[in-house]
Amino acid sequence: MKVAILTGGGDCPGLNAVIRAVVRRGEQHGFEFTGVRDGWKGLLEDDHFRVTRQNTSGILQLGGTILGTSRTNPFKRPDGPKIVLDALARHHIGAVVAVGGEDTLGVASRFHELGMNVVGVPKTIDNDLSGTDYTFGFDTAVTIATEAIDRLHSTAEAHSRVIVCEVMGRHAGHIALHSGIAGGADVILVPERPIDLQDVVRHIRARQRRGRHFSIVVVAEGAKMERSKEATVSDTLDEFGHVRLGGIGAYLAKEIERETGFEARVTVLGHIQRGGTPTARDRVLATRYGVFACDLVKEGRFGLMAALRGDDIVAVPLADATNHLHLIDPALFDIASVFFG
């Protein structure tokens with residue numbers, strides 16, 4: 001059988017580990033692989049190439065994706081679904097392994113309804129994909145953010161400043177929550193809970209009264225003020241209806257300085273969280289996902305996604321994995337709140 005593999009949406013550490021695992025396991029099953037360039041866009045434009053054990057060797061530790069990626073939605077293109085399905089038939093591709101988040105796998109789920117033999121692998125640094133406890137890429141992003149927060153502590157203390165660290169997280173605050181706890185942040189702000197500026201100010205002032213003349217505020221990019229919408233860089237929508245977020249960190253720093261009189265600065269980690277070498281945990285998880293997904297293809301179990309439940313890799317329907325978001329655990333946020341202020 002010829003199998004296509006694609007990576008869509010935002011890049012993240014661990015994608016190459018999945019590609020390597022799928023190809024290595026697939027060759028044991030006797031599969032031939034074609035790598036689709038730039039996600040679903042490659043099937044629309046007939047842009048793909050042969051991938052083998054040889055050209056996927058040595059990529060385990062590399063960030064990014066050797067296949068490239070994009071936020072292309074075939075269902076937003078004229079005759080897009082037909083073009084994709086025709087391309088698969090023309091090249092005798094019997095199955096597709098789609099690696100991505102809610103958007104990429106949402107497309108995969110719709111294609112499965114149209115008859116495509118497709119399986120999914122969950123990828124997003126935001127960890128907001130339902131159906132799985134963790135997505136690969138998340139652990140690396142949290143590790144990077146935690147290291148940044150550790151470094152911000154020393155400079156914030158040296159200058160007696162409030163430093164706001166803006167991390168990624170459009171709809172869910174997993175990165176902010178986990179890195180904030182691990183990095184000892186004094187305030188953690190997430191999309192799931194609207195920001196009460198006066199509450200933030202009270203925490204910072206309380207620390208000052210106790211002789212702590214600096215504070216670290218970690219905020220997810222998708223967090224918003226009460227009775228307000230998310231801060232955006234641009235209102236232009238991508239093909240999945242998303243705006244480009246950014247600016248909440250700068251806004252908070254300005255308002256905190258205005259309200260408290262304390263000098264405030266902002267650091268936006270941005271795409272630093274997506275780049276570089278994946279952690280050992282992400283390499284192992286990505287490898288387990290890739291092998292499991294390839295076994296699903298071998299068994300003819302399509303329309304499913306590899307998922308982590310506890311310490312087990314299981315299969316869940318793509319439709320279930322993309323019909324709602326995986327938000328933060330309120331109990332974990334309550335634990336973090338013990339240290340606020």
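Here are a few things to note about the model shown:
- From Thr132, Thr72, Thr65, residue being in contact (Cβ under 8 Å) with a residue 24 or more places away in the chain, of a type in the set (Ser, Thr, Tyr), in contact with a Pro (Cβ under 7 Å, 6 or more places away or on another chain) and in a loop (DSSP other than H, G, I, E, B): Thr132
- Selection count, the range 31-47, where residues are within 11 Å of Pro74 (Cα to Cα) and outside any helix (DSSP H, G or I): 2
- Here Lys76 meets the list (1) touching a helix residue (DSSP H, G or I) at 6+ places or on another chain (Cβ under 9 Å); (2) at pLDDT below 95 almost entirely, failing just condition (1).
- Total residues in the range 273-301, condition buried (at least 19 other Cβ atoms within 10 Å of the Cβ), touching a Gly at 6+ places or on another chain (Cβ under 7 Å) and not in a helix (DSSP H, G or I): 2
- Among the residues of the range 182-205, those that are of a type in the set (A, V, I, L, M) and part of a helix (DSSP H, G or I) comprise Ala182, Leu197, Val200, Val201, Ile204.
- Residue within the range 159-181 that is assigned to a helix (DSSP H, G or I), acidic (Asp, Glu), in contact (Cβ under 8 Å) with a residue 40 or more places away in the chain and under 22 Å from Arg258 (Cα atoms) present: no
Let's see how each residue does on (1) aliphatic (A, V, I, L, M); (2) under 19 Å from Arg37 (Cβ atoms); (3) over 17 Å from the mean Cα position of the chain (by Cα):
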| site | (1), (2), (3) |
| --- | --- |
| Pro74 | no, yes, yes |
| Val84 | yes, yes, yes |
| Ile93 | yes, yes, yes |
| Val107 | yes, yes, no |
| Arg110 | no, no, yes |
| Glu113 | no, no, yes |
| Asn127 | no, no, no |
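- Scanning the range 78-101 for residues that are in a helix (DSSP H, G or I) and either free of Cβ contacts under 8 Å to residues at least 60 places away in the same chain or crowded, with 24+ Cβ neighbours inside 10 Å (or both) gives Gly80, Pro81, Lys82, Ile83, Val84, Leu85, Asp86, Ala87, Ala89, Arg90.
- Criterion applied to Ile144, Ile149, Ile216 was being within 21 Å of His326 (Cβ to Cβ) and either modelled with pLDDT of 95 or more or not assigned by TED's automatic domain parsing to the domain that holds Thr260 (or both), and the one residue passing it is Ile144.
- Any hit, the range 48-64, residues being under 23 Å from Asn323 (Cα atoms) and crowded, with 16+ Cβ neighbours inside 10 Å: no
- The residues of the range 21-30 that are in a helix (DSSP H, G or I) and either touching a helix residue (DSSP H, G or I) at 6+ places or on another chain (Cβ under 7 Å) or over 18 Å from Asp295 (Cα atoms) (or both), listed by number, are Ala21, Val22, Arg25, Gly26.
- Filter result for Phe333 (in a helix (DSSP H, G or I), buried (at least 16 other Cβ atoms within 10 Å of the Cβ), among the aromatic types (Phe, Trp, Tyr) and without any contact (Cβ under 8 Å) to a residue 24 or more places away in the chain): no
- Within the range 292-311, none of the residues are more than 22 Å from the chain's Cα centre (by Cα) and farther than 30 Å from Phe111 by Cα.
- Given (1) surrounded by fewer than 21 Cβ atoms within 10 Å (Cβ to Cβ); (2) part of a loop (DSSP other than H, G, I, E, B); (3) not charged (D, E, K, R), index of the condition Pro13 fails: (1)
The values are calculated or read from the model by the stated rules, or taken from the named source; none is laboratory data. All of these numbers come straight from a predicted model, not from anything done at the bench. Positions of Cβ are generated from backbone atoms using ideal geometry, with glycine treated the same way; all protein chains shown enter the neighbour counts.
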